[in-house]
Amino acid sequence: MELSFKIALAVTVCCLASCAAVKTASPSLPADRVDNRGQLVIHTNFDLPNQHRLLDELTALRDDICNRLGLQPSQEPIHVYLFQTSEQFNTFIKTKFPQFPNRRAFFVETDTRLAVYAYWGDHVGEDLRHEVAHGYMHSMTNNLPLWLDEGLAEYFEVPRGHRGFNRPNLEELAELHRQGKWLPDMRRMERFASAGAMQQADYDEAWSWAHWLLETDAAHRELLQNYLKTVSKDNTQPLSLYIRRLPGDPHKELAGYVDWLIKQPPY
């Protein structure tokens, strides 16, 4: 009896150890293929065409960002980990970043690496343009305010040639304004400390500020560019103080701009 118990216990321990090892094994990152495209290092575990319009667009996005925002390009690599399926992606994210919300793609910045994680799904173009835009901007500047970082990424997530016209953001914001449930407030946006605290309406407003600054007037765009040139300094004033230099009331102008923009033909 004693011998049998010891054997059974040993088997049980081995089984438990085996199960524990299986549970703690981390899913692997895509590493079968590496495609260097300018600043982007694209890692995949499936075949991608050598010539692909989306990948060409992501490469060209760096120049678009530099030109629109007046930033100097960087050579810091941005690693894009592209999973073939949502199941592979979700398994990795839940294991590696269990605190992350349920989303289709992520940009992660550490002290040593800029990385984008996404999967090849129906929204891969929008997802990659958004997250890669984060990567480019973070490689070119430091201390970019969270809300502005998200607003600019929403601007750059639409296909090239659309000049940042994000129809879903616009429609949601215009409807809230029509119902009297939204008024622009940049100072409120500046108080956000984490993306998880932002609701969809906040992303919409962040996009609207970015679009208004970049697409309405050369003076608006120049003000944003000047702000971005100094944003890496710890003593940079918030953008809400910068826009006070503009004539009129920027908050009222933005609300009117949203009402006007919703009447324009879609791309």
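A single entry from L173, L246, L183, L241 fulfils the requirement of being more than 29 Å from I78 (Cα to Cα), surrounded by fewer than 17 Cβ atoms within 10 Å (Cβ to Cβ) and in contact (Cβ under 8 Å) with a residue 60 or more places away in the chain: L183.
Checking the structure you have, find out if any residue of the stretch 203-221 is open to solvent by 70 Å² or more (accessible area, probe 1.4 Å) and among the small types (G, A, S). Step through it out loud before you land on a result.
Residues of the stretch 203-221 that are open to solvent by 70 Å² or more (accessible area, probe 1.4 Å), as a first pass: none.
For the stretch 203-221, residues open to solvent by 70 Å² or more (accessible area, probe 1.4 Å) and among the small types (G, A, S): absent.
Scanning the stretch 42-61 for residues that are open to solvent by 20 Å² or more (accessible area, probe 1.4 Å) and modelled with pLDDT of 95 or more yields H43, E57, T59, A60. Among the residues of the stretch 108-139, which ones are open to solvent by less than 40 Å² (accessible area, probe 1.4 Å), touching a helix residue (DSSP H, G or I) at 6+ places or on another chain (Cβ under 7 Å) and over 15 Å from H43 (Cβ atoms)? Correct list: G121, G125, R129, H130, A133, H134, Y136, M137.
Say whether the condition of being over 22 Å from R68 (Cα atoms) and not small (G, A, S) is met by at least one residue in the stretch 214-223. No, the conditions are met nowhere in the stretch 214-223. A residue that is buried (at least 17 other Cβ atoms within 10 Å of the Cβ), acidic (D, E) and part of a loop (DSSP other than H, G, I, E, B) cannot be found anywhere in the stretch 188-199.
Within the stretch 62-88, restricting attention to residues that are assigned to a helix (DSSP H, G or I) and open to solvent by less than 10 Å² (accessible area, probe 1.4 Å), the residue that is nearest to E109 (Cα to Cα) is I65.
The values are calculated or read from the model by the stated rules, or taken from the named source; none is laboratory data. Keep in mind the model is a prediction, meaning the values are calculated, not measured. Here the Cβ is made from the backbone with ideal geometry for all residues, glycine too, and neighbour counts use every protein chain on show. Just so you know, the surface numbers come from the protein's heavy atoms only, side chains and all, with ligands and any DNA or RNA stripped out. Shrake-Rupley method; radii C 1.70, N 1.55, O 1.52, S 1.80 Å.
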